[in-house]
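J.: One structure is given below, represented as structure tokens, and several questions about it will come after.
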Amino acid sequence: MKTYELEAFLKSFFMFFILLEVLLAINFWHEYRAKKVNIEETIHLEMKLCAYTVHCEGVSTDFVDKDDKKEENILYKDGDFYSYFKIPTVDKSLMKVVYPRERYVQRVKELKSKIKHKFLRYSLFASLISLLFAIYALRPLHKALQLNEEFVKDILHDFNTPISSMKINLSLFKREIGENPKIERLENNIESILSLQENLQTFLKGVPKQSEKFSLKPLVKARVHYFEVLYPDIDYRISIPNLTIETNKDAFTRILDNLLSNAGKYNMAHGVVTVAQEGTVLSIKDTGKGIKNPSKVFKRYYKEQDRGIGIGLHIVKKLSDELRIPIKIKHNIPKGTNILLDISTVMVKA
């Protein structure tokens, strides 16, 4: 199950489960209150039986003078529960029947325990119903996403033949006429198509788990050189010490490529892109017009320009999360964008 499918599944499950839980809680609260009143009525009935049958198990009795303040057959709840009842053939006295509050509290505790266990059983059943509902609700979405992924995979597969043909023909053409900047630009454009293809494959498949040790500076230089050809009017500057990192090299290269591509693509004319390291932070800074909504740029399909399809930075965030490389954006509109990668978790200590 993909991350977004899991997110949709969990949201559907919890939304339905919480709704059922609220309904159950309301129902059991009313049941608790009703049964609590029923306990009080039962206690009063037991008092009446005690007064008429003198069978007074669990209660105590006393005789008190009759007056206007003592209403008969009323359940008083002042401290212990008690009631006053008539005594046959006696007009001046009343029988006071007392039910200890401790026994009442115990009966309420037992009621709470029963209600709680019943609520938990019903909650378990509600979770099962919510699970089935979430699975049923997401089946059409899962099928649609599966068809979409298969469609994209087929397109990516079909790209291979024409791209391979172009690379072979360019190689042959290069042998015939020798080195030529126009051929180099065509080769880089083909590499850009391959980069987009790899982005889509990463979007579909995720990140391989294997990692390797490699030097950061040569990798950055190689990728910067690649983009210098694509964006010849951009001044790329590198300030990185020699250090080794250990992570998935292909995924890390994909992060660099997407960030360097954006820095060149959305920069100002004759702008500057600076790749520098300070401590454990690798920064890629440009002199473009900045980002209006930095909190949204990592979302899938979000874009602030007409160019692109809006998955580049989403893939960067996805890869950085899987490689455990925290990423954040420092922006200062209209003075450019600064992407910060915290590589402390992948740096190899000397």
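The values are calculated or read from the model by the stated rules, or taken from the named source; none is laboratory data. Keep in mind that what you see is a predicted model, and the values were worked out from it rather than measured. Neighbour counts are summed over all protein chains in view; Cβ atoms, including those assigned to glycine, are modelled from backbone coordinates with ideal geometry.
J.: Considering the stretch 170-183 alone, what residues qualify as being surrounded by 11 or more Cβ atoms within 10 Å (Cβ to Cβ) and part of a helix (DSSP H, G or I)?
T.: Going through the stretch 170-183, the residues surrounded by 11 or more Cβ atoms within 10 Å (Cβ to Cβ) turn out to be 170-171, 173-174, 180, 183.
Listed by number, the residues that qualify are LEU170, SER171, PHE173, LYS174, ILE183.
J.: Considering only residues that are of a type in the set (S, T, N, Q) and either under 30 Å from VAL97 (Cβ atoms) or at pLDDT 90 or above (or both), look in the stretch 11-62 and name the one that is nearest to the chain's Cα centre (by Cα).
T.: Among residues in the stretch 11-62 that are of a type in the set (S, T, N, Q) and either under 30 Å from VAL97 (Cβ atoms) or at pLDDT 90 or above (or both), the one nearest to the chain's Cα centre (by Cα) is ASN27.
J.: Filter the stretch 226-239 for residues that are at pLDDT 90 or above and not charged (D, E, K, R) and give the result.
T.: Scanning the stretch 226-239 gives ILE234, TYR236, ILE238, SER239.
J.: Report, by residue number, each residue of the stretch 36-76 that is surrounded by 12 or more Cβ atoms within 10 Å (Cβ to Cβ) and part of a loop (DSSP other than H, G, I, E, B).
T.: CYS56, VAL59, LYS66, LYS70, ASN73, LEU75
J.: When you scan the stretch 254-291, how many residues do you find that are surrounded by fewer than 18 Cβ atoms within 10 Å (Cβ to Cβ) and either under 23 Å from ASP321 (Cα atoms) or among the polar types (S, T, N, Q) (or both)?
T.: Residues meeting the conditions: 7.
J.: So the check is Cβ under 9 Å with 6+ separation or different chains; which pairs have a first residue in the stretch 33-56 that's within 30 Å of VAL90 (Cα to Cα) and not assigned by TED's automatic domain parsing to the domain that holds ILE115 and a second one that's at pLDDT below 90 and surrounded by 16 or more Cβ atoms within 10 Å (Cβ to Cβ)?
T.: Partner pairs satisfying both residue conditions: none exist.
J.: Select from the stretch 77-110 the residues that are surrounded by 13 or more Cβ atoms within 10 Å (Cβ to Cβ) and either β-branched (Val, Ile, Thr) or at pLDDT 95 or above (or both) and list them in ascending order.
T.: Correct list: ILE87, VAL97, VAL98, VAL108.
J.: Separate question: Would you confirm whether any residue within the stretch 258-280 is charged (D, E, K, R) and in contact with a Ser or Thr (Cβ under 7 Å, 6 or more places away or on another chain)?
T.: No, that holds for no residue.
J.: If you go through the stretch 87-117, how many residues are touching a residue at least 60 places away in the same chain (Cβ under 8 Å), over 43 Å from the mean Cα position of the chain (by Cα) and farther than 29 Å from ASP65 by Cα?
T.: Residues of the stretch 87-117 touching a residue at least 60 places away in the same chain (Cβ under 8 Å): 104, 107-108, 111-112, 115.
Filter once more, keeping what is over 43 Å from the mean Cα position of the chain (by Cα): 104, 107.
Of the ones still in play, those that are also farther than 29 Å from ASP65 by Cα are 107.
Residues meeting the conditions: 1.
Here is a yes/no grid of residues against (1) modelled with pLDDT of 85 or more; (2) surrounded by 14 or more Cβ atoms within 10 Å (Cβ to Cβ):
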site	(1), (2)
ARG121	yes, no
ALA137	no, yes
PHE151	no, no
ILE155	no, no
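J.: Here's something else I'd like to know. Does ALA25 count as touching a Phe, Trp or Tyr at 6+ places or on another chain (Cβ under 9 Å) and closer than 30 Å to LEU131 by Cα?
T.: yes
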